1. In region 122-131, what count of residues is obtained for those that are within 16 Å of the chain's Cα centre (by Cα) and surrounded by fewer than 23 Cβ atoms within 10 Å (Cβ to Cβ)?
2. List the helices (runs of 4 or more DSSP H) inside region 80-164, counting only whole elements, that have at least 3 residues being under 19 Å from GLY6 (Cα atoms).
3. So for region 9-18 (the condition being in a loop (DSSP other than H, G, I, E, B), over 30 Å from LYS101 (Cβ atoms), in contact with a His (Cβ under 8 Å, 6 or more places away or on another chain) and not β-branched (Val, Ile, Thr)), does at least one residue qualify?
4. Condition first: within 19 Å of LYS82 (Cα to Cα) and crowded, with 16+ Cβ neighbours inside 10 Å. Now tell me which residues in region 39-58 satisfy that.
5. Which of the residues spanning region 193-204 are closer than 22 Å to LEU126 by Cβ and either free of Cβ contacts under 8 Å to residues at least 24 places away in the same chain or of a type in the set (Phe, Trp, Tyr) (or both)?
6. Looking only at residues in region 171-197 that are surrounded by fewer than 18 Cβ atoms within 10 Å (Cβ to Cβ) and not hydroxyl-bearing (Ser, Thr, Tyr), which one is farthest from the chain's Cα centre (by Cα)?
7. Read through the list (1) touching an Asp or Glu at 6+ places or on another chain (Cβ under 7 Å); (2) assigned to a loop (DSSP other than H, G, I, E, B); (3) more than 27 Å from ASP219 (Cα to Cα); (4) of a type outside the set (Phe, Trp, Tyr), then give the number of the only condition that ASN28 fails.
8. Out of TYR247, TYR161, which single residue is among the aromatic types (Phe, Trp, Tyr), closer than 22 Å to GLN270 by Cα, in contact with a His (Cβ under 8 Å, 6 or more places away or on another chain) and surrounded by 18 or more Cβ atoms within 10 Å (Cβ to Cβ)?
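Bear in mind that the values in this text are calculations on the coordinates, not laboratory data. Just so it is clear, the structure is predicted and the values come from calculations on it, not from any experiment. Heads up, the Cβs are rebuilt from the backbone with ideal geometry, glycines too, and the neighbour counts pull from every protein chain shown.
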Amino acid sequence: MELKSGAVAIATNTYYPKWYRGSLRSINHTDKVRGDLAINFFREAQKRGYLVIVVDGKSGKTFQKEIKNIENIIFVSRQNPKRSPAKRQAIKIAAKQDGVKVIVLTEPEKVSLVTDCIPVLVKPILEEKADIVVPKRNNELFASTHPSYMYESEVEGNKIYNEILRIHGLRSSHEDDLDMFFGPKVFRNDKKIISLFIKKYSLSSLQSSFTKEFFDVEDYSNVLYFSIVLGLKKHFRIESITVPFVYPKIQKENEEKEKLALFLEKRKSQRLSILVELLHFVNYLQKA
């Protein structure tokens with residue numbers, strides 16, 4: 001479908017303090033690898049007429065200058081260093097832009113989302129058939145292009161996450177699993193929908209016995225996860241749409257070689273946090 005220019009806004013966050021211009025000097029330079037992907041992402045978005053809101057967490061001045069030269073980008077500095085507040089900041093700015101009908105919340109390294117996926121994801125929202133779309137990775141491409149440890153961890157994480165949703169009556173047995181561990185979320189620019197994504201919870205509000213020393217819902221669950229769970233609870237129209245997303249080869253190489261141990265630990269910790277926080281959240285919703 002042909003999209004009207006300005007109808008889609010992409011909300012994203014950046015943080016590449018060690019990015020540098022020129023060719024990649026080492027596959028171990030994660031900020032360079034990811035920063036280059038982000039710049040490509042922004043350029044591809046500009047070609048397609050998407051407005052991009054970038055909330056930056058003190059990336060290097062050379063990186064900031066590079067993206068500020070790309071059209072259709074609103075660049076602002078983070079008000080808070082944590083992930084969820086930065087995402088809320090980007091969403092609030094996107095929601096205020098004239099003509100924006102749909103907001104795509106995503107990490108900026110996901111170039112394939114822009115080049116291969118956005119039209120099919122926003123279509124049901126523009127056609128008034130859905131309020132929120134949770135993109136689902138094609139399993140073959142998921143398995144073949146992502147790091148193997150990521151595929152295994154996120155497949156298992158999605159299985160458990162969806163089982164918890166079904167046990168608590170938030171997802172029916174005949175509905176496909178939501179690919180919750182795939183970061184991007186797509187939603188209507190409507191106050192009731194936006195409120196799901198900008199609502200802030202804390203462990204104390206969820207009556208959790210765990211301390212922030214171990215879990216912090218402002219890291220992953222607020223915005224990306226609780227928004228969808230709350231949307232299911234409130235019976236908004238949430239659709240799962242399979243897309244031909246391809247993980248960047250250079251990012252896979254970066255994460256499988258020099259940085260393997262770091263990313264293995266990151267995925268393990270991330271999955272544990274997200275699932276534990278979900279259990280506390282659904283318990284909170286049942287009592288609310």
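1. Total satisfying the criteria: 0.
2. 83-95, 118-126
3. Yes, region 9-18 contains a residue that is in a loop (DSSP other than H, G, I, E, B), over 30 Å from LYS101 (Cβ atoms), in contact with a His (Cβ under 8 Å, 6 or more places away or on another chain) and not β-branched (Val, Ile, Thr).
4. Correct list: ILE53, VAL54, VAL55, ASP56, GLY57.
5. Correct list: SER195, PHE197.
6. Step one: of region 171-197, the residues surrounded by fewer than 18 Cβ atoms within 10 Å (Cβ to Cβ) are 172-177, 183, 190-192, 195.
In the following step, the residues that additionally are not hydroxyl-bearing (Ser, Thr, Tyr) were identified as 174-177, 183, 190-192.
Values: HIS174: 26, GLU175: 22, ASP176: 20, ASP177: 17, GLY183: 3, ASP190: 19, LYS191: 20, LYS192: 20 Å.
Ranking the candidates gives HIS174 first.
7. (3)
8. Just a single option satisfies the conditions, and that option is TYR247.
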